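Reading through the structure tokens given below for one structure.
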Protein chains: 2
Amino acid sequence: MRGTVLERPGEIRLEQRPDPTIVEPSDAIIRLSATCICGSDLWPYRGVDAATGPSPMGHEYCGIVEEVGPDVSIISTGQFVVGSFFASDNTCEICRAGYQSSCIHREPVGAIGTQAEYARIPLADGTLVATPEVPPDDLVPSFLAASDVLGTGWFAAVAAEAGPGTTVVVVGDGAVGLLGVMAAKQLGAERIVIMSRHESRQQLAREFGATDVVPERGDEGVAVIKELTDGLGAHSVIEAVGTRESMLQAIGACRPGGHVGYVGVTHGDLPGRELFFSHTHLHGGPAPVRRFLPELMELISNRTIDPGRVFDLTLPLEDVAEGYRAMDERRAIKTLLCL
Amino acid sequence: MRGTVLERPGEIRLEQRPDPTIVEPSDAIIRLSATCICGSDLWPYRGVDAATGPSPMGHEYCGIVEEVGPDVSIISTGQFVVGSFFASDNTCEICRAGYQSSCIHREPVGAIGTQAEYARIPLADGTLVATPEVPPDDLVPSFLAASDVLGTGWFAAVAAEAGPGTTVVVVGDGAVGLLGVMAAKQLGAERIVIMSRHESRQQLAREFGATDVVPERGDEGVAVIKELTDGLGAHSVIEAVGTRESMLQAIGACRPGGHVGYVGVTHGDLPGRELFFSHTHLHGGPAPVRRFLPELMELISNRTIDPGRVFDLTLPLEDVAEGYRAMDERRAIKTLLCL
């Protein structure tokens, strides 16, 4: 099969790789319906996260089950399924508490690489969620978005306790931030402020439910948020970038007693004293997408939400390298790779 | 009147200072029934927090109202009252959300200094809570504890979501940590682990409700907590020290999806990536003691709890310098100063 490999920072290649096979009895093999490139794939692509030699890439996926191992009993061949970037048993105490991405048996799907034609998914019964029927093609991008960016934006909004009557600020206008706007809207937020200086992203944010746009950043951005909120700060802040600066912006924009939901992989240290006196709640980490998948897949199936709109570039898998370049240069929000 | 002043790090003096008077119409003047020394007073005493010249000391207090300003209508002279280390209006949106220590009109009582015979308390109606009658003398130490260390330990336990069925770990065996144990017990925790290597403190922790004692610290301590909790970590962790090391110990001891309540003033930076992947909830800051005062004062009045037991050294106010030395050298958990 063909699969994507990061040879070294900046160098993406589509290579011929062995077809995946059942390794553990709880595995499934899926044929990808589509795959895509994640903002977090840019960390190793840019050399910010050190890679240890050539690495298979991709951790977002949806597709048709081709084969299942002997211990798989819930998922069956022919089903259309969506899974998350951490395989999870969905039965351990941590999974049952809703933290499947910290499952005691979790396995990173990114180590397998889903920017490919086929993928082996571990712990298939716990990891995969099937639709009742194979969905129409036009819904595939939205199901693919549910695999990571939608689930991550949703978790951030839940962690930030977005809900009726709240003002929600979203730091980061990438796909996760934009879908954080969508999640906040679905969760009933009263006012949703996107911090963005890119017109096309501002526009999509407004279509997803943003009521205000703040282009300022850092301390200046925090000051504008304070002005918009009677000097208090927002009830809920979604952080979807992952730098020290974006975390400080998120914490600064939040009122005492408010909630920051952070899902950008935090790079750098946080000043303890500033965090202490901010009086905020801080919760985040790798999104337990599996917790939300049944609900999100239902909302997609009945066309209540259309998260696939974050894909503003569609390329065939063979053009994956151009897909990375377009995202790296911010010419694209998110690249869908069709098969 | 006589009042305590930190001349420079390590040098505490009881000095003759002007009697306080009503400055703002919302002020009250109280005659202290007793006062005490806080663990956080040791930061400037030790020179860790820079002082800008001689500073009045003390922010814990209970006493009899001597005089009130013309705008004070709830509190009246002759009442026995307890207040917190931040004066608060108790009416703004932040106060109503339960974060009185971030009140939009807050004033630090520490700037006034309550290790003295009298104190001016700003925003008296919002800040002070009165008992129905002047309580018997033997309850004064417990009411004094409610002013800060009990309220702070209680907030930490609430922030850590200690409750029925939970395992709670307490990092720090000072007065706040010990009263965090008491709070966790009152909130219904099933198992309470104190991390302590001091026998007298371990003993008091057990009397307050601790079920387990772990003397190990750092990574070794985290490993012991993991062993005690099926490899998962505790549901709830109270952090009551305020160093980078103690924060990492607290975060490490907490399970994914668990809650860390931190009330030690955090000194140093927190590693973002470690926090991210811990998957914990982090909440804390200066305790909104005012939120809890009515409930805590009721529990003290009806003798359900006896937090005054954390005072293991009682000295007359004139020996305040010895009180600081005893706490600095860890000869005393907490010093009560009688008047």
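Quick rundown of the values:
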{"item": "Rounded Å value of the spacing that divides the Cα centres of region A:5-84 and region B:1-74", "result": "63 Å"}
{"item": "Gaussian network model of chain B, Cα within-10 Å springs - most flexible of B:Glu117, B:Glu11, B:Glu60", "result": "B:Glu11"}
{"item": "Normalised alpha carbon radius of gyration of the protein assembly as shown [divisor 2.2 N^0.38 Å]", "result": "1.07"}
{"item": "Amide H within-cut-off set for A:Ser33, under 5 Å, with H built and near neighbours excluded", "result": "A:Cys62, A:Gly63, A:Ile64"}
{"item": "Net charge dipole size for the protein assembly as shown [Lys, Arg +1 and Asp, Glu -1 on Cβ; Debye, nearest 20]", "result": "180 debye"}
{"item": "Chymotrypsin sites (Phe, Trp or Tyr not before Pro) within region B:262-307, DSSP loop, no more than 10 other Cβ atoms inside 10 Å", "result": "none"}
{"item": "Global geometry of region B:151-284, whether rounded, prolate or oblate, following the gyration tensor of its Cα atoms and the 1.5 cut on a/c", "result": "rounded"}
{"item": "Candidates B:Ala250, B:Ala50, B:Ala28: whichever shows maximal mean-square fluctuation once chain B is modelled as a Gaussian network with Cα springs under 10 Å", "result": "B:Ala50"}
{"item": "For peptides A:149-159, A:34-44, B:64-74, sequence by mean Cβ density within 10 Å, most packed first", "result": "A:149-159, A:34-44, B:64-74"}
{"item": "Ascending list, in nanometres, of distances separating the A:Pro9 label from those of the other copies (7 Å, Cα toward Cβ)", "result": "4.0"}
{"item": "Chain B, dipole about Cα centre (Lys/Arg Cβ +1, Asp/Glu Cβ -1), debye to the nearest 20", "result": "560 debye"}
{"item": "Taking chain B and dividing mean pair separation by its residue count, relative contact order in percent (alpha carbons under 8 Å, at least six apart)", "result": "18 percent"}
{"item": "In Hz, Karplus ³J(HN,Hα) per residue of region A:193-201 (6.51, -1.76, 1.60; θ = phi - 60°; x = Gly, Pro)", "result": "10, 9, 8, 7, 10, 10, 4, 5, 6"}
{"item": "Radius 12 Å from Cβ of B:Ala210, net charge of other residues (Lys, Arg +1; Asp, Glu -1)", "result": "+1"}
{"item": "Environment charge of B:Leu337, counting only residues whose C-beta is closer than 13 Å and scoring Lys/Arg +1, Asp/Glu -1", "result": "-4"}
{"item": "Computed FRET value (nearest 0.05) for A:Glu318 with B:Ala111, which takes r as the C-beta separation and R₀ as 51 Å", "result": "0.15"}
{"item": "Those trypsin sites (Lys or Arg not before Pro) in region B:208-306 that DSSP places in a loop and that have at most 15 other beta carbons within 10 Å", "result": "B:Arg303"}
{"item": "Cα gyration tensor shape for chain B, rounded if a/c is under 1.5, else prolate or oblate", "result": "prolate"}
{"item": "Dipole magnitude of region A:151-284, debye to nearest 20 (Cβ charges: Lys/Arg +1, Asp/Glu -1, about Cα centre)", "result": "180 debye"}
{"item": "Average other protein chain Cβ within 10 Å of Cβ, residues A:89-98", "result": "3"}
{"item": "Under 13 Å, Cβ to Cβ, from B:Ile30 - net charge with Lys/Arg +1 and Asp/Glu -1", "result": "-4"}
{"item": "For region A:151-284: relative contact order, % (alpha-carbon pairs under 8 angstrom, 6 or more apart)", "result": "26 percent"}
{"item": "Teacher prompt: B:Gly78 distances to equivalent labels in other copies, 7 Å Cα→Cβ, nm", "result": "8.8"}
{"item": "Across the identical copies, how the B:Thr211 labels are spaced - nm, sorted shortest first, 7 Å along Cα→Cβ", "result": "4.6"}
{"item": "Cα centroid of region B:109-173 to Cα centroid of region B:263-311, whole Å", "result": "11 Å"}
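Here, each number is a calculation from the coordinates, and none is a lab measurement. A quick note: this is a predicted structure, and the numbers were derived from the prediction, not measured. Cβ coordinates were reconstructed from backbone atoms using ideal geometry, including for glycine residues, and neighbour counts include every protein chain displayed.
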